[in-house]
Every structure is written in structure tokens, then in C-alpha cells.
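Input: a single structure, listed below in C-alpha cells.
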Amino acid sequence: MVSHVSRSTSARAPRTPRPSRSARPEAAEQGSAPPTASARFRDLDPYRAAREWARYEGTAQRSLWRELRERFLERHAANEGWVLDVGSGPGRFTPRLGGPASPRVALDLSREMLALLGQEWRRHAGRRPLPHRVIGDGARPPFASAAFAEVALLGNALGFSETAGDRLWAATVDLVAPGGTFVVEIAPGAGERSRYLARLPATSAARLLRSPIAAVRLRLAREGFAPEPARRKDAGAFRRYTVAELSQRLAGAGWEVLEVSAVAPALGADAERIAAAERDPKAWAHLVELEEQLGRVPERWGSAAAVLLAARRPKLETRH
């Protein structure tokens, strides 16, 4: 069973159940998430929802993580057509999907997450129409196949889906229309950082980042990257997908991989040096560009704590 939270436009979403006329989050009470949904995501309270929103606010490090993701999404946003954010949470990145007038759908297991999306939307999305908010399971989406010009599966939803990850993948890519775009985020490793930048004092690292990016990259290449220690996790509680695995799946189905980028491989784990760079606008701009350049290097993908991948579904062949 699926329940809409609210709907803000008169346009009709691609084959969804009819939503409540109410624009209030309480409208979600008339339904519930599918019984196969993970309770730990479905039954979040308002405090946990607010913590998820704050995960990309409040520090320079979080700002870097957010900006790199936003820039990636903007590079691959569909110009028109319906767009879908699967596992949207409170909608931190939903405004970056599609064009200014694109109809958006946010699909999530949590009623509280979607309620918070409605509260924060105007502050962060401006005049863009409030998305259709739908409570449901991404592995069993209530939409027609090939219904969306763009589909995003962010926040490493694949890994957190555990044994249901493959089912979630298949259901999500099936929603992308021919010629449409799919964006997915995975967590292949524990992360890494530049050995060279890590041994510099924070202020010296910030001054160095004012230099031409090509010169900085040469210095970083000499000393390489150090892996971050692995986080403890219960066996079977988290699956790590790799870029190679997902790229092979896409290529086998005729998809074109448009871009792959590790998120902040140089300083992503180094809050102190990121904070020093943020205080200098030129150093910050160079840091963002440096992280993007390094993130596109395949050697950075295997150990990254977060990797973004964008791909295009092949268009239907025209018969003459």
C-alpha cells in the first residue's frame, strides 16, 4: 500500500494513486509503507528526520560534501519532464533534480522525512513547485516503467537496502525513460585523504590551495592518498557496491555512463583543513575544483566513502 503526503500542482504524476486533497503532512495517516519496508527507515521520529537534514549543514566539511553533490546533480539535471528522487529523505537534493519547471516526485519510506521536506522546501527551493510526496518503497515503486526523465537514488540507498539492494536497483533503473538520466550514489570504501595536505598545518594547506590547481595536483600525486580506517559494522548490515559492478550492469543494458566522481577524496575526511580553506574564497573555489578533478580519476573510486555515477538510458530505435 502506498500513501501520498501531499501534492502541490494540478499536473498528474505518472500512474500514481490519487493523493489526498490536503496539503498537510497529516494526510499521510490514511496509509502506510509496504510491509517489506525496513522499519528503521520507515519509523523515524521528527528528531531523526531533522538530524538527516542537518547532515549537510553547520560545518565547512558538510558544506563541501553538499556543494560537490549539488554541482554533480546540476550537471546532469534533465531539462524537462518528470523527475523522481527515490529515498528522498527530507529532500536536501531534490531541488537539484530536473529544470526549474520540472514536476518532481519525492518517494520515501518515512512520513517524517516527507513532512520535513514540505517544511523546508520554500526556504531552499525558491519558487519551484513543491514535489509530489509519496510514501512508498523504492524496491516496489508505484509508478509506470520508463515514466521519468530523471531518477536519482542518493544517500547510498543501495548499500543500506542490504539484501534488497539488487531489487531496488532493478526497480529504479526501470523507471528511467529512454534517453533519460539515472544518478546513483554508492559507498565503495571507508574514504581516503591526501597525504601531502594532511601533513601541512591547516593555514598552510589553505594558502597552498590558492595556487594553480595543476601545481597542487602534482604535489598531491607525489605522496599519494592514505585510506581512512574502516568503520565497524555488523556483518551483513551494509553492502558495498563498486563502480565497476554497476558500470558493467549499465553497459550490458546499453546505457551510457556519463560521469563518475568520488566525493572529496583529498580533504573529505579532514574537517580542520577544509574549515581553513573555507575562510578564503579563492582557496575554497580551488578546493572544490580540485576535489572534482581528483574525483573523476578511476583510482579514487575504489576507496571513496561516496561515489556519484550518472548514466543515460539508450533511446528507442526508430524503425523506418
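The values are calculated or read from the model by the stated rules, or taken from the named source; none is laboratory data. Because the structure is a prediction, the values reported are computed rather than measured. As a convention, Cβ positions derive from the backbone with ideal geometry for all residues, glycine included, and neighbour counts pool all protein chains shown.
Being modelled with pLDDT of 95 or more and either over 18 Å from the mean Cα position of the chain (by Cα) or among the aliphatic types (A, V, I, L, M) (or both), is that true of even one residue in segment 30-53?
No, segment 30-53 contains no residue that is modelled with pLDDT of 95 or more and either over 18 Å from the mean Cα position of the chain (by Cα) or among the aliphatic types (A, V, I, L, M) (or both).
Please specify each residue of segment 102-126 satisfying the condition of being closer than 23 Å to Ala147 by Cα and of a type in the set (Asp, Glu).
Asp108
Can you confirm whether Pro265 is touching a residue at least 24 places away in the same chain (Cβ under 8 Å), assigned to a loop (DSSP other than H, G, I, E, B), over 17 Å from the mean Cα position of the chain (by Cα) and within 29 Å of Val176 (Cβ to Cβ)? Outline the logic, then answer.
On the way: touching a residue at least 24 places away in the same chain (Cβ under 8 Å): yes; assigned to a loop (DSSP other than H, G, I, E, B): yes; over 17 Å from the mean Cα position of the chain (by Cα): no; within 29 Å of Val176 (Cβ to Cβ): yes.
When the stated conditions are applied, Pro265 does not pass them.
Of the conditions (1) more than 22 Å from Gly165 (Cβ to Cβ); (2) assigned to a strand (DSSP E or B), Val260 clears all except one; give me its number.
All conditions are met except number (1).
Exactly one condition in (1) touching a residue at least 40 places away in the same chain (Cβ under 8 Å); (2) at negative phi; (3) not acidic (Asp, Glu) is false for Ala171; which is it?
(1)
Conditions (1) modelled with pLDDT under 95; (2) in contact with a helix residue (DSSP H, G or I) (Cβ under 9 Å, 6 or more places away or on another chain); (3) farther than 23 Å from Gly159 by Cβ, marked per residue:
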site	(1), (2), (3)
Ser211	no, yes, yes
Ala235	yes, no, no
Ser261	no, yes, no
Gly302	no, yes, no
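Return yes when Arg51 is farther than 19 Å from Glu112 by Cα and free of Cβ contacts under 8 Å to residues at least 12 places away in the same chain and no when it is not.
no
I'm trying to understand the selection: among the residues of segment 268-287, which are assigned to a helix (DSSP H, G or I), touching a residue at least 60 places away in the same chain (Cβ under 8 Å) and surrounded by fewer than 18 Cβ atoms within 10 Å (Cβ to Cβ)?
Ala271, Glu272, Ala275, Glu278, Lys282
Could you list, in sequence order, the residues of segment 115-133 that are within 12 Å of Pro100 (Cα to Cα) and part of a helix (DSSP H, G or I)?
If the condition is that a residue be within 12 Å of Pro100 (Cα to Cα) and part of a helix (DSSP H, G or I), then Ala125 is the only one that fits.
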